[in-house]
Each structure stands twice: as C-alpha cells, then as structure tokens.
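Encoded as structure tokens, the structure appears first; notes follow it.
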Amino acid sequence: MVARAARATDLADLDGAVSDCFACPRLVAWREEVARTRRAAFRDQEYWGRPVPGFGPADARIGILGLAPAAHGGNRTGRIFTGDRSGDVLFAALHRAGLANQPTSVAADDGLALRDTRIFAAVRCAPPDNKPTPVERDTCAPWVHREVALIRPTLRVVVALGAFAWAAWWPVLRDVYGRRPPTPRPAFGHGAHWSGTSAPELLGCYHVSQQNTFTGRLTPAMLDDVFARAKHLAGVD
C-alpha cells in the first residue's frame, strides 16, 4: 500500500488506488458489513462500501482534512461528507463562503463542484462508532501524504476538522514538506492557527459532527469565520 500510494501520478490515479485498499482488517469488515445490512432508510440503495477518496480540484489552495467517512454517508455514496448531516453543515458553509456551487451534497452525481478547495480524510474507511484507532490512522497515512504531495504546488491552507485530523497533520508536515514538527505540538482548538515557513497554514475547527452542531458547540457563524480566514490566508477572492 505504501508503494502504491507513492506511485500515484495524479489525483485520479490516487483516487482509484485508495478505493481498492484492504490494509486494515477491522475497517474492511465494518465497511462491508454496513454495506450489506444497510440502514432502513437506504435499504433500496447500493452502498459504496469501500475506502472513500478525496474530492475537489487538483489546484486547490484550501485543503479540508477530516476524520473518516460516515457509515451511512460517504460509505454509502462514495464521496466524502456526502449524504449525512455533517456534510449538510459543511457544504452549506462552503457554499456561503463561495467555495461550493451548491449548499447540499446528497449523491456523488448531484452536480456539486468545489472551488479552490479539496476535502480528504485522515482515515479513508468508515470506522465503527466513528472512532478509528491511531494504528489505523498511521496505516492510512500514505494516502494522505501522497494526496497532499500532489496538490502541494497550490495548497496554502489546511483546515483540520477536529483534534484527530489536527494530530494527523504533523506527520504530513514531516514527510511531505521535510519540516520537523514543532515541539511541543500546538494544541488543537477551534480557531487555533499554526504558521510555518514553506508549508501551508494550519487552522483548527471543531468537527461538523451532529454532537457539535446540535449542541451549539459549533455554529454556522463559527464555521463562516474559519472559512473566511482560510480564504484570506490562501488568497482566495
């Protein structure tokens, strides 16, 4: 898997390789079980049931690094943050920011397009209870590293959705940019900002999970502020 990631020549090649990964037995078993049993509301749909590639243009200036696909979201539709309530919140905010052409994301063929933005996850398979292990994150890391390497010429800002994604960024900094991660690591928090030379700016944002949005821990205004800041740092009009 490490060698296959390194051989990817472009994003289309990488996305195809990601979709055919079987590196983590626990995640493979879970994603396939969910695809077989299905949620009642989607019983007539064919689930994707595979790792979920990134989504967005190859010349993105803003990267959004998430946790992992949702069992009945990306694992069903085959597109990250598509078909679940977290995605409803995220794409509505991206649309308000002028970074998406529509505010909803319900299916992989729904016409959604992103502007100057690419979304990818630290772990590419849906995990049980939405909780991948650190070992699974590290196993999946070569996909993230190669994706960032391919968009490196234009990437200026990364928005980390949650502490798990924030922690996943530091190995990218080392392996893709040849930079020694800061010691101690900057603490994650909503609105946290790390800036280093010859590497993208890093912004922290609470994850767009239902737990955060339903309780008001993360509000639309808070999301709008993060994406406005990301656009400013990336030089996106």
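The values are calculated or read from the model by the stated rules, or taken from the named source; none is laboratory data. Worth saying up front: this structure is predicted, and the values here are computed from it rather than measured. With ideal geometry, Cβ positions are generated from the backbone for all residues, glycine too; neighbour counts draw on all protein chains shown.
Observations, loosely collected:
- When restricted to residues that are out of contact with any Lys or Arg (no Cβ under 8 Å at 6 or more places or on another chain), more than 22 Å from F188 (Cα to Cα) and crowded, with 18+ Cβ neighbours inside 10 Å, the range 148-159 contains 2.
- Every test in (1) of a type outside the set (A, V, I, L, M); (2) surrounded by fewer than 20 Cβ atoms within 10 Å (Cβ to Cβ); (3) closer than 25 Å to G73 by Cα; (4) in contact with a Ser or Thr (Cβ under 8 Å, 6 or more places away or on another chain) is passed by Y177 save one, and that test is (3).
- L202 meets all of the listed conditions (1) hydrophobic (A, V, I, L, M, F, W, C); (2) surrounded by 17 or more Cβ atoms within 10 Å (Cβ to Cβ); (3) assigned to a helix (DSSP H, G or I) but one, namely (3).
- Of residues in the range 186-199 being at pLDDT 95 or above, out of contact with any Gly (no Cβ under 8 Å at 6 or more places or on another chain) and not in a strand (DSSP E or B), the one surrounded by the fewest Cβ atoms within 10 Å (Cβ to Cβ): A187
- Members of the range 94-117 found to be part of a helix (DSSP H, G or I) and under 15 Å from R61 (Cα atoms), listed by number: L94
- Residue satisfying all of: in the range 1-19; of a type in the set (V, I, T) and farther than 18 Å from G49 by Cα; surrounded by the fewest Cβ atoms within 10 Å (Cβ to Cβ) among these: T9
- Candidates D129, D138 - the one that is outside any loop (DSSP other than H, G, I, E, B) and on the phi > 0 side of the Ramachandran plot: D129
- Cβ-Cβ under 7 Å pairs, at least 6 apart or on other chains, the range 115-140 side buried (at least 24 other Cβ atoms within 10 Å of the Cβ), far side polar (S, T, N, Q): A126/N75
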